[in-house]
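Okay, structure first, notes after.
The values are calculated or read from the model by the stated rules, or taken from the named source; none is laboratory data. If you're wondering where the values come from, they're calculated on a predicted model, not measured in any experiment. Backbone-built Cβ (ideal geometry, glycine too); neighbour counts: all protein chains shown.
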Amino acid sequence: MNIVILSRNGSLYSTKRLEEAAKERGHDTRVISHTHCYVVMEMDKPTIFFNNKPITKVDAVIPRIGSSVTYYGSAIIRQFEMQKVYTTLTSNALIRSRDKLETLQLLSMEGIGIPKTVFARHPDDIDHVIKQVGGAPLIIKLIQGTQGLGVVLADTKKAAKSVIEAFHGMSANFLVQEFIKEAKGADIRAFVVGDKVVGAMKRQGSEDEFRSNLHRGGKGSTIILTKDEERIAVKAAQALGLEIAGVDLLQSERGPLIIEVNSSPGLEGIETSTGIDIAAEVIKHIERKRLIL
C-alpha cells in the first residue's frame, strides 16, 4: 500500500514509529506536513497539493493532527475523504473529539460512565454549579485544553469561585467536574485500535500534582485492564467514531469513568511503558480495513 502520514514533524517519535512499522510490513510510506498542504475545490475534482504538486496514488492516510491546527487538519482529511481514500481518522471524528463538552455529551448519551460535569455560562450560577458536582475539591477545565494545560484543581469553594470568575472574565468556555479522590492522582490510558485495546498503562502524577499526564511529569507503568475497563474504553472510542484512540479513564468506587478521548494519541509513553509494538498494531488495522473496503 501507499500510506501517507500527516504530521508536521517527521522526527517526532510517533511519526517515526508509524513510518518504520509501515515500511517493515512492506508498505511505501510518505510523511507529509498537512500545514504545508492546500486544497483545490472544483466540480468533481477534489485535489490536495503539497510542495505545489498534487498528492496522488494514496491508499491510506494516518492523520497526526495537533490541537492547534484542528480546523485546518480536518479540512485536509476531508479532502482525502472526498477522494474516497481510507483514513484512520475522519474529519468529523477529529473535530468531535477535540471538543471536551461534546465528547462528554456523547459519552453520557451512550451510557458510559463519566465524572459528573457541569457546563454553565452565567456567573450567578456559580454556587449552584459547585453544589451540583458535590462541592470542593473539584476540577475546572478549559474546553480546548490539552496535555493537562487549562486544568485546575480547586481545593476550596472560595478557590473554585475565583477560578470560575477568572475564566468567565476571559470569556473562556470551561467545565466544572467532580473530583474523584479515590483515583489518587492516577489514571489509565487505554490504546484502542479498531474493536480492541492493544495496550494500556497506568499514569501516576508526580508528587503534589493531581494531573497524571506524562507531559506534566507523570510516570507510566503497564497495567492489565479488567474486562469492564476494556469494554468501556472501546465503547468510548466508538461513541466518537474513532478507530484509533487513547482513552483516559479513572478507577472509581462506582466503576471506570472516562475523562478524555484522544484522537491522535502519542505512542512513546505507552510503547515505553508496556513494551508493546503499538505502531505495528495500527498498520495491521489499516491492512485489515483495506481488505474490507
Test Thr70 against the stated conditions and say whether it is under 13 Å from the mean Cα position of the chain (by Cα) and without any contact (Cβ under 8 Å) to a residue 40 or more places away in the chain. yes
Only unsatisfied item for Thr29, checking (1) closer than 14 Å to Ile283 by Cβ; (2) in contact (Cβ under 8 Å) with a residue 24 or more places away in the chain; (3) of a type outside the set (A, V, I, L, M, F, W, C); (4) out of contact with any Asp or Glu (no Cβ under 6 Å at 6 or more places or on another chain), is (4)
Residues of the stretch 109-126 classified as part of a helix (DSSP H, G or I) and under 16 Å from Leu257 (Cβ atoms), total: 1
Enumeration of residues in the stretch 127-142 that are surrounded by fewer than 18 Cβ atoms within 10 Å (Cβ to Cβ) and more than 24 Å from Lys219 (Cα to Cα): Asp127, His128, Lys131, Gln132, Gly134, Gly135, Ala136
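Please determine, by comparing only the residues of the stretch 143-184 that are of a type in the set (S, T, N, Q) and either in contact with a Phe, Trp or Tyr (Cβ under 7 Å, 6 or more places away or on another chain) or on the phi > 0 side of the Ramachandran plot (or both), which one is surrounded by the fewest Cβ atoms within 10 Å (Cβ to Cβ). Break it down into steps so the answer makes sense when it comes.
Narrowing the stretch 143-184 to residues of a type in the set (S, T, N, Q): 144, 146-147, 156, 162, 171, 173, 177.
In the following step, the residues that additionally are either in contact with a Phe, Trp or Tyr (Cβ under 7 Å, 6 or more places away or on another chain) or on the phi > 0 side of the Ramachandran plot (or both) were identified as 147, 171.
Working: Gln147: 14, Ser171: 7.
Taking the candidates together, the pick is Ser171.
Within the stretch 285-292, is even one residue of a type in the set (Val, Ile, Thr), farther than 15 Å from Asp187 by Cβ, assigned to a loop (DSSP other than H, G, I, E, B) and modelled with pLDDT of 95 or more? Break it down into steps so the answer makes sense when it comes.
Filtering the stretch 285-292 for residues of a type in the set (Val, Ile, Thr) gives 286, 292.
Pick out the ones that are also farther than 15 Å from Asp187 by Cβ and you get 286, 292.
Remaining after also requiring assigned to a loop (DSSP other than H, G, I, E, B): none.
Taking every residue of the stretch 285-292 in turn, none turns out to be of a type in the set (Val, Ile, Thr), farther than 15 Å from Asp187 by Cβ, assigned to a loop (DSSP other than H, G, I, E, B) and modelled with pLDDT of 95 or more.
What are the residues in the stretch 165-180 that are in a loop (DSSP other than H, G, I, E, B) and either basic (Lys, Arg) or within 15 Å of Lys100 (Cα to Cα) (or both), if any?
Filtering the stretch 165-180 for residues in a loop (DSSP other than H, G, I, E, B) gives 170-173, 179-180.
Ala172, Asn173 - these are the residues of the stretch 165-180 that are in a loop (DSSP other than H, G, I, E, B) and either basic (Lys, Arg) or within 15 Å of Lys100 (Cα to Cα) (or both).
Select the strands (runs of 3 or more DSSP E) contained entirely in the stretch 1-108, then report the ones holding at least 2 residues which are modelled with pLDDT of 95 or more, in contact with a Lys or Arg (Cβ under 8 Å, 6 or more places away or on another chain) and surrounded by 20 or more Cβ atoms within 10 Å (Cβ to Cβ).
Details: elements: 2-6, 28-32, 37-40, 47-50, 60-63.
In the stretch 1-108, 2-6 are the strands (runs of 3 or more DSSP E) which contain 2 or more residues that are modelled with pLDDT of 95 or more, in contact with a Lys or Arg (Cβ under 8 Å, 6 or more places away or on another chain) and surrounded by 20 or more Cβ atoms within 10 Å (Cβ to Cβ).
Per-residue answers, yes or no, for (1) free of Cβ contacts under 8 Å to residues at least 12 places away in the same chain; (2) touching a His at 6+ places or on another chain (Cβ under 9 Å); (3) closer than 21 Å to Val193 by Cα:
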| site | (1), (2), (3) |
| --- | --- |
| Glu42 | yes, no, no |
| Ile77 | no, yes, yes |
| Met82 | no, no, no |
| Tyr86 | no, no, yes |
| Ala93 | no, no, yes |
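Listed here are the residues, each with its yes/no results for (1) at positive phi; (2) assigned by TED's automatic domain parsing to the domain that holds Ser221.
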{"site": "Ala237", "(1), (2)": "no, yes"}
{"site": "Gly241", "(1), (2)": "yes, yes"}
{"site": "Arg254", "(1), (2)": "no, yes"}
{"site": "Glu268", "(1), (2)": "no, no"}
{"site": "Thr272", "(1), (2)": "no, no"}
{"site": "Gly275", "(1), (2)": "yes, no"}
Go through (1) hydrophobic (A, V, I, L, M, F, W, C); (2) over 23 Å from Arg203 (Cβ atoms); (3) in a loop (DSSP other than H, G, I, E, B) one by one and return the number of the condition Ala160 breaks. (3)
